[in-house]
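The values are calculated or read from the model by the stated rules, or taken from the named source; none is laboratory data. On a predicted model such as this, the values are computed, not experimentally measured, just so you know. Cβ sites come from the backbone with ideal geometry, for glycine too, and all protein chains shown count toward neighbours.
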Amino acid sequence: MSEITLTAEIRKELGKRSKTLRPLGKVPGIYYGHGQKNIPVTLTELALRPLFKTSVTQVINLKLDDGSTHPCILREVQFDPMTDRPIHFDLFGLNADEELTIEVPVILKGTPVGVKDGGTLQHVIHRLRVSCLPKHIPDHIDVDVTDLKINTSIHVKDLTVPNVQVLERENSTVAAVVPPTILKEAEPETAVVAETPAEPEVIARGKKPEEGEEGAAAAPEAAKGKEKEKGKEKEKGKEKKE
């Protein structure tokens, strides 16, 4: 269990007046616990930063300016959405004989066999929710992934954490090695054979005469008529000459 000691002031600026502390580099907060009195406190932003800029769980020995000391943990930090600077924090007081629920960081150890074979390690659960006495709070939970092969995984039920009850579902995946991603090659485009366009069909105007109908014999009759007319013209020519 990792411990840190912080010195804080009991805050007199309450409610909206607490906003006046932030321009001074101070962050308002609250200390509370089961069966304990709520105490408004303030910390400098510099002193608060190590509490949330860490990858381990820390028990805080909070020393107040009235001479009292309170073991606690950081429960929550609120941040300004525009500046991402802390604007409020909650400290939860610990009772030595009372179990508490807390989230503990999960750290993967080792290089999996499957990664050496080309697989990819996936870290699924980064923090585990556990229940334990304050004295048994782990800094973090180490998970050895050295023996993980491709398509194998470690689940919550595979973990052993002394003096701690893990509250996550047993079948939840903590870490896994997945096969390498294979990019599918683009299939070659099928060559398109240009078809020779068919010659357009010429459609004659009018009704096409069928064999055996009057229209089929029209041509020879017309030719005979023209010959008769020519003969008549010749005869008229002869008569004029006479």
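Scanning segment 150-163 for residues that are surrounded by 13 or more Cβ atoms within 10 Å (Cβ to Cβ) and assigned to a loop (DSSP other than H, G, I, E, B) returns Ile150, Leu159, Val161.
Inside segment 122-149, residues that are over 15 Å from Ile73 (Cα atoms), out of contact with any Asp or Glu (no Cβ under 8 Å at 6 or more places or on another chain) and buried (at least 16 other Cβ atoms within 10 Å of the Cβ) make up a count of 4.
Being surrounded by 15 or more Cβ atoms within 10 Å (Cβ to Cβ), within 38 Å of the chain's Cα centre (by Cα) and outside any loop (DSSP other than H, G, I, E, B) is the filter here, so list the residues in segment 50-74 that pass it. The answer is Leu51, Gln58, Val59, Ile60, Cys72, Ile73, Leu74. Taking segment 104-121 as the range and being surrounded by 13 or more Cβ atoms within 10 Å (Cβ to Cβ) and assigned to a strand (DSSP E or B) as the test, the residues that pass are Val104, Pro105, Val106, Ile107, Leu108, Thr120, Leu121. Once segment 34-62 is narrowed to residues that are β-branched (Val, Ile, Thr) and at pLDDT below 90, the residue that is farthest from Cys72 (Cα to Cα) is Thr54. Selection of segment 7-41 for residues being more than 38 Å from the chain's Cα centre (by Cα) and part of a strand (DSSP E or B) yields Thr7, Ala8, Glu9, Ile10, Ile39, Pro40, Val41.
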